[in-house]
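Undergrad: The structure's right below; bear with me while I get my questions together.
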Amino acid sequence: MQQLHPTANKFAGIRQAPPEMASIVSETVPKFTAEALKSAAKQSERCHIVPLRLRRAIKKYLREQEEPHMKRKVLRLSESFSQIKEVNLMLPTSTSKELVEDPLKSVECSQRWKIKSAYGDIGLKYREDETVAYVASRMPAVYSALYRVLSEVRRRLPGFSPAKVLDFGAGTGSAFWALREVWPRSLNRINLVEPSQSMQRAGQSLIKGLKNLPLIQSYGSIQALSQDVKKSDRQHDLVIASYVLGEIPSLKDRITVVRQLWELTGDVLVLVEPGTPQGSNIISQMRSHILWMEKRRSRKLEDASGKECKALTTLKNGAYIVAPCPHDGSCPLDNTGKYCHFVQRLQRTTSQRAYKRSKGEPLRGFEDEKFCFIAFRRGQRPREPWPLDGMKFETLKEQHARRNPEDLEIDYEDQFISSEDEDVQDEDPISYDSDVTETDAITENDDWEEEGEETAHANLGSGWGRIIYNPLRRGKRVEMDICRSMDREGTEGSFDRIVITKSKNPTLHHQARRSVWGDLWPF
């Protein structure tokens, strides 16, 4: 069905999965058909178009600012992000296990995790001109990445509809716009934590004129939110921290902030960072810490069984990863020189085309936003059948045996790579004009509509691997790098090169040819 590439062990430190695991077939009734597998596995979007309502809002906001020298301001903002990157490069690229798990081990118990690490005092402070430049150049790309991440959370958790949301480091409201596109009907209250007053003002200006908004409350810090909200009301269905942890130049402060966010999370926590080695390192560290922290908490609960322990029983016990990892074990990419990230292509908006710099060439009509992310959920990973359990696939020889001679036609599909199968990163359309129908007025019919439900969902069992990097299509074979679970409990993972051939499994080969970076792969 699936075979591991013989050169898979060229990746230092990467384990090769036992071949017998791919051949496990239970006697249960198949859960998926071939078409349902494709639908469930598809998580990517080839080229995202920023919604018309957001493009209108950005255009209107920038016109009201009347900011001169915008290209220069966008360049200065880019330089500020480069300085943040340089600060992160000065931090250790790999941290000791003890530091990630328990960075304040030497501090007295009474003071642990009570340090005053208010984001805003230690993060990047945005001036008025930087905020305007951010809206013009970065907001559409950040929105597109967040839309991609939250859309996957919705697909993986079809029963999850957040009513109360916390957006930490909200900036100009990119996450809010993505939330409204993904869950337009369920949102009742959104708490924003953003210390920059100019960012808060920009976010408020962008949503001016929109109807049927949830209750929105802005705070300058987590501490301010905690003081304003009763303890019983501090739990949020969904907590988001996007493109913000990298602006905190201290591992201890980052972990402290994430711990505070996790305590405010009643169900799902989503962290998103730029798709750089530094961003991936931040996500990996936070992943390790939260999983370690919840395992330690579970052990304490077991030790305290039969005793009253209010401090440990206020929240669901345990944590597992919704996406992108198919397991909760150590990251198999650690110490390999590779890093986990994804790409979302988007059509550039009018403001991006007007203000972003090009290196002596016409600016492309699209850009690729690289990002890293992780989504945690409280509780224990559900035990689900693996997608291929009970499924039987015909070989190419068996398919040929069923053909009628008069129906045979020459099939050139595997002789050439069709335009449909070309790599998403190789697309270079001549032009994108996503603003061609743009008008300034917000019409009565611009309310958000709920997206239709997919026909099949990839469950949260450990049987779905993740395609990391671009698949290689070589005629009648497809080679893919897959992060996958080594067991059905999702306690250990591996990173493997697998090869799908048309002769052994034409059905999965057909699916593999149409799979792209970031999609799921069934095991």
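Undergrad: Quick one: Debye curve from the C-alpha atoms of the range 204-314, no solvent, what's log10 I(q)/I(0) at q = 0.16 Å⁻¹?
TA: -0.93
Undergrad: Which one, 251, 264, 176, projects farthest toward the positive side of the charge dipole computed for the range 169-271 from Cβ point charges (K/R +1, D/E -1)?
TA: Positive-end residue among those listed: 176.
Undergrad: Can you compute the FRET efficiency between residue 300 and residue 65 using 1/(1 + (r/R0)^6), with r the Cβ-Cβ distance and R0 = 35 Å? Round to the nearest 0.05.
TA: Approximately 0.10, to the nearest 0.05.
Undergrad: Here is a follow-up. Tabulate in residue order the Karplus-calculated ³J(HN,Hα) for the range 220-230, using 6.51 cos²θ - 1.76 cosθ + 1.60 with θ = phi - 60°, rounded to whole Hz; enter x for Gly and Pro.
TA: Values per residue, Gly and Pro as x: x, 7, 5, 4, 5, 5, 5, 6, 8, 9, 4 Hz.
Undergrad: In nm, to one decimal, how far is the residue 232 label point from the residue 380 one, both placed 7 Å along Cα→Cβ?
TA: The modelled label-to-label distance comes out at 3.0 nm.
Undergrad: Starting from the Cα coordinates of the range 170-244, work out the convex hull volume and express it per residue in Å³.
TA: That works out to 96 Å³ per residue.
Undergrad: What pairs from 338/370; 42/211; 230/295; 60/164; 38/370 go past 22 Å between their alpha carbons?
TA: Long pairs (Cα-Cα over 22 Å): 42/211; 230/295; 60/164; 38/370.
Undergrad: Can you find, among 241, 331, 216, the residue sitting farthest towards the positive end of the charge dipole of the range 207-344, where Lys and Arg contribute +1 and Asp and Glu -1 at Cβ?
TA: Most positive-ward Cα: 216.
Undergrad: Something else about it: May I ask you to rank 164, 300, 42 by accessible area, largest first, using a 1.4 Å probe over the protein chains only?
TA: Ranked list, largest accessible area first: 300, 42, 164.
Undergrad: Roughly how many debye, to the nearest 20, is the charge dipole of the range 129-186 about its Cα centre, given +1 on each Lys and Arg Cβ, -1 on each Asp and Glu Cβ, and no other charges?
TA: Roughly 420 debye for the range 129-186.
The values are calculated or read from the model by the stated rules, or taken from the named source; none is laboratory data. Given the structure is predicted, the values throughout are model-derived calculations rather than measurements. Neighbour counts run over all protein chains shown; Cβ positions are idealised from the backbone, glycine included. Ligands, DNA and RNA are excluded from the accessible area calculation, which covers all protein heavy atoms including side chains. Shrake-Rupley method; radii C 1.70, N 1.55, O 1.52, S 1.80 Å.
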